[in-house]
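Below is one structure, written out as structure tokens; comments come after it.
Bear in mind that the values in this text are calculations on the coordinates, not laboratory data. Keep in mind that what you see is a predicted model, and the values were worked out from it rather than measured. Every residue, glycine among them, receives a Cβ derived from its backbone with ideal geometry; neighbour counts consider all protein chains shown.
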Amino acid sequence: MDQRISTDVVEHRNGEYTRIQDAEDPQLGMFDKPLPCFGCGIGWFSFLLGFVFPLMWYYATFLYFGNYYRKDPRERAGLAAAAIAALICTTTMFITVAVILFQSL
């Protein structure tokens, strides 16, 4: 048991995630390491910052389709939200440009 504890401490110091498991249900667990970007994760941070700087939505979309969330599954929802925002932004831009072009003809 002592060897297991010392291995966990070394992994924690190396920046690895430490899984905290429930004694009754081993499926339950949380990651001990906090998320980056003020604790809200890269996905949600990119989603919120995208309203000021929309290119952040496309950056988060690239991370989403690159399966960045496999490193930490807590990132998946924020990255998906930013990908949806990028899709809405792109659609809105295309419709706006089409309307402007057709009005000028």
>> I need the peptides 37-49, 63-75 ranked by packing, meaning the mean over residues of other C-beta atoms within 10 angstrom, with the highest value on top.
In response: 37-49, 63-75
> What percent do you get for the relative contact order of segment 33-105 when only Cα pairs under 8 Å and 6+ apart count?
Replying inline: 32 percent
> Based on the alpha carbon coordinates of segment 64-105, what radius of gyration and maximum Cα-Cα distance (Dmax) apply, in Å?
Replying inline: 15.8, 50
> For Cys37, which sequence-distant residues (separation of 5 or more, or a different chain) have an amide H within less than 5 Å of its own amide H, given hydrogens modelled in the peptide plane?
Replying inline: none
